[in-house]
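S.K.: Attaching a single structure in structure tokens format; questions to follow.
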Amino acid sequence: MLIRIATKCPGVAVTERRLVLRQVKVYGRLADESGRCVEVIPPDPWAADPGAMAD
């Protein structure tokens, strides 16, 4: 994978790598400083501006 990235994007440098044994779904979750989920915000796929947050 790193060879493919280096070939397609020669200006990109990999600065860190991690081995993940179990990937947990985190989409729509707010985490605290220790990485624990503190709140879940369901994504709205029909939102006009996906980057905007509701008041």
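S.K.: Looking only at segment 11-32, filter to residues that are open to solvent by 100 Å² or more (accessible area, probe 1.4 Å) and more than 29 Å from residue 44 (Cα to Cα); which one of those is modelled with the lowest pLDDT?
M.R.: 21
S.K.: Something else now. What pairs come out if I take residues in segment 1-16 that are among the β-branched types (Val, Ile, Thr) and pair them with residues that are surrounded by 10 or more Cβ atoms within 10 Å (Cβ to Cβ) and part of a helix (DSSP H, G or I) whose C-beta lies under 7 Å away, six or more apart or interchain?
M.R.: Every condition considered, the pairs that remain are 12/5.
The values are calculated or read from the model by the stated rules, or taken from the named source; none is laboratory data. Bear in mind that the values here come from a model prediction, so they are computed numbers and not experimental data. Heads up, the Cβs are rebuilt from the backbone with ideal geometry, glycines too, and the neighbour counts pull from every protein chain shown. The area values use the complete protein model at the heavy-atom level, side chains included, leaving out ligands, DNA and RNA. Shrake-Rupley method; radii C 1.70, N 1.55, O 1.52, S 1.80 Å.
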